[in-house]
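Report on one structure; see the data block that follows.
Every number here is computed from the coordinates shown, using simple stated rules; none is lab data. Bear in mind that the values here come from a model prediction, so they are computed numbers and not experimental data. All Cβ positions, glycine included, derive from the backbone under ideal geometry; neighbour counts span all protein chains shown.
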Amino acid sequence: MWKTRWNKDREKRSLWWAIVNNDVSEVVKFINQGADPNEWLSPYTLDENSLHVAVRCGHLELVELLLRAGADPLEPFRVGGYEFTCSESARALGFHEIAETLANAEVRALASRGPRPLRRHPGCVIRSSKPDAHP
């Protein structure tokens, strides 16, 4: 059976709209055409991928679908120089069922591949708790 190819340049905005409008069948179509749920949807949106958009819009069914399609629940959501996990973002938005689903997915992801190394924000200064030996 012939499979339509995912056209990144043309289809990103359509995928974004399908997620925003909770159009599950359209999102399934894009995934079947090769859309990567972990791919950033910029320049059309904030710095977010498909899972982040579904979380922000409160679409539980799409969150579950994207997780099954391989979306990474540990990919941070970036807002104003801060990073949040998807579950933290959902909890802050009041989507508690989505937050619980994502927290479980995060635990499974951590168990399967181990923790990611800490990423330091460029403006962050790390100071030792020990007093300097040098003046």
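The distance between label points at A92 and V79 comes to 0.4 nm (points 7 Å beyond Cα on the Cα→Cβ vector). Once the Cβ-Cβ distance of W17 and R113 is raised to the sixth power relative to R0 = 35 Å, the FRET efficiency obtained is 0.65.
For chymotrypsin sites (Phe, Trp or Tyr not before Pro), the sites in the range 37-111 that DSSP calls loop and that have at most 16 other Cβ atoms within 10 Å are Y44. Under 5 Å from the amide H of N49 lie the amide H atoms of L41, each residue being 5 or more positions distant or on a separate chain, with H modelled from the backbone and absent for Pro and chain starts. Distance between the modelled labels on V28 and W40, one decimal in nanometres: 3.1 nm (7 Å Cα→Cβ projection).
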